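The values are calculated or read from the model by the stated rules, or taken from the named source; none is laboratory data. The structure displayed is predicted, hence computed values, not measured ones. In this analysis, Cβ positions are derived from the backbone assuming ideal geometry, glycine residues included, and neighbour counts consider all displayed protein chains. All accessible areas refer to the heavy atoms of the entire protein, side chains included, with ligands and DNA or RNA removed. Shrake-Rupley method; radii C 1.70, N 1.55, O 1.52, S 1.80 Å.
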Amino acid sequence: MTLRDSKDAKVRGANVKIRTGRKWKAKEAVTEAETRLKHSVIVGVTAVSRQGFGMTTKPRWDTANEKGRRELVQQEIRQMEEESRKVKAVEMKQQVYDVLPSPSNLYTWGLIEDPTCTLCKDKPASLQHVLSACPVALKDGRYTWRHDSVLKRIEAKLDTTRRKKRKMQKNIMFVNFVRAGEKKDNQAECLGILGTASDWQMTADIHQRMSFPAEIAATSLRPDIVIWSQGTRQAVLLELTVTWEDRIEEAYERKKAKYQQLVEDCKQR
């Protein structure tokens, strides 16, 4: 734009070619950005959500000077590139997250004739359906088995750790993350909150055999793991959820709300 719109006629007529690679060309990008900016003048500034008319203002293409137009084009091209990246990311979701030979994928690849789930006989057996959405698998306890399998590993590690003899820690230290390129300091093993007491007790809700410790609070709720110390009057509640990736935040909020009252009861006692 600096060369094309120069006030010097010789510079404008020099016909300088900007080499910008095979996948992206500056001249084409500028032309498209200018077209979008001219179209935005016709559309005007649109109100978003509950904004009133005139709440949002931005520079206009038709009233901007030469420098202002160059800045507008730069901003528009950045926005175009960001939109292109988002579209590419959405297109790659199938390549990154759903590549296992599920019946749904096998049907898409032309390897089988029917993608229907063999358990519920109702919906296509996509990876999400197989791992977290099949009603028959839920009724048969398959998801519970997967949940308990993970819980057993966590419970075994915690049980071994809590039984270790250790010196009492005054200040709780948690895992120190090391930035890329930095070296980890040679520190003693950090046990976090388990290092603040030596009388930890633990119970885990495996095969629905756990009842919440009566000395802490009276409740019918059963967190997956409860660790408590009578001497220091501390209690740790752990809840495991093996959920589908798209529902991690939803599951977190649901579980947090479920045990919020129990946490308050424990604090009061």
Residues whose built amide H sits under 5 Å from the amide H of THR116, excluding neighbours closer than 5 in sequence, are ALA125
To the nearest 10 square angstrom, what accessible area does GLU155 show with a 1.4 Å probe? 50 Å²
Express in nm, to one decimal, how much length is gained between LEU3 and GLN75 on full extension, taking 0.36 nm for each residue of separation and deducting their alpha carbon distance. 24.0 nm
On the full set of protein chains, 1.4 Å probe, figure out the accessible area of SER104 and give it in Å² to the nearest 10. 30 Å²
For ILE193, solvent-accessible area (1.4 Å; no DNA, RNA or ligand), Å²: 60 Å²
Once phi is turned into θ = phi - 60°, what whole-Hz ³J(HN,Hα) does the Karplus curve with 6.51, -1.76 and 1.60 give for every residue of the stretch 36-53, x standing for Gly and Pro? 5, 5, 5, 5, 5, 5, 5, 5, x, 8, 8, 7, 10, 6, 9, 5, x, 5
Per residue, the convex hull enclosing the Cα atoms of the stretch 1-152 spans a volume in Å³ of 254 Å³
Applying the gyration tensor rule to the Cα atoms of the stretch 71-162 (axes a ≥ b ≥ c; rounded if a/c under 1.5, else prolate if a/b exceeds b/c, else oblate), the class is oblate
Taking only Cα atoms, what is the 0 to 90° angle, nearest 10, from helix 66-91's long axis to the longest principal axis of the chain? 40 degrees
Please report the base-10 log of the normalised intensity I(q)/I(0) for the chain, using a Debye sum with one equal scatterer per alpha carbon and no solvent, at each q in 0.16 (1/Å). -1.23
So, in nm, how far is label TYR97 from label ILE112 when the simple model puts each one 7 Å beyond its Cα toward the Cβ? 2.2 nm
Can you give the relative contact order of the chain as a percent, counting alpha carbon pairs under 8 Å and 6+ residues apart? 9 percent
Judged on accessible area alone, 1.4 Å probe, highest first, ARG162, ARG209 line up as ARG209, ARG162
With N residues in the stretch 218-269, what two-decimal value do you get for its Cα radius of gyration over 2.2 N^0.38 Å? 1.29
Largest to smallest accessible area among GLU253, GLU83, GLU34 [probe 1.4 Å]: GLU253, GLU83, GLU34
Sites PHE53 and THR20, calculated FRET efficiency, Cβ-Cβ separation with R0 51 Å, nearest 0.05: 0.80
Here the gain from full extension of HIS39 to ARG60, 0.36 nm per residue of separation minus their alpha-carbon distance, amounts to 6.5 nm
Pop the C-beta distance of ARG233 and LYS256 into the FRET formula with R0 = 25 Å and round what comes out to the nearest 0.05. 0.65
